[in-house]
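Notes follow the structure.
Read-outs: derived from the displayed coordinates by stated rules, not from any lab. In this text the structure is predicted, and so the values were computed from the model without any measurement. Glycine also receives a Cβ, built like all others from the backbone with ideal geometry; neighbour counts cover every protein chain displayed.
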Amino acid sequence: MKEQRHLPALRAHIEQLLSKGWVIASRSPMTLRNGRRCYLVSHGMLISESATRVA
């Protein structure tokens, strides 16, 4: 079976964050949150966002 996932390294990193207690706060756009810390996945990059900007 052919692998159809894109960006396997990013996916592995996100899975590692989830195993450390991060949660998926939104799927569109993909947003991960751990307390007040927040990451946004955009164009294949994991971008840190200010906690004050994200409601």
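By per-residue mean of other Cβ atoms within 10 Å, what is the highest-first order of 19-30, 37-48? List each step's numbers first, then the result.
Numbers: 19-30: 10.7, 37-48: 13.3.
In descending order of packing, they fall as 37-48, 19-30.
Rounded to the nearest whole Hz, the Karplus-based 3J(HN,Hα) values (6.51 cos²θ - 1.76 cosθ + 1.60, θ = phi - 60°) of the range 14-22 follow the sequence 5, 4, 5, 4, 4, 5, 9, x, 5, with x at glycine and proline. For the chain, relative contact order (Cα pairs under 8 Å, six or more residues apart, normalised by length) works out to 21 percent. Between Met45 and Ser26, the distance separating the two model label sites (each 7 Å from Cα on the Cα→Cβ line) works out to 1.9 nm. For Met30, the residues 5 or more places off, or on other chains, whose built amide H falls under 5 Å of its own are Val41. For the chain, the 222 nm mean residue ellipticity estimated from helices alone, with every DSSP H stretch of n ≥ 4 adding -39500 (n - 2.57) and the total spread over all residues, rounds to -7000 deg cm²/dmol.
Once you divide the Cα radius of gyration of the chain by 2.2 N^0.38 Å, the number left is 1.19.
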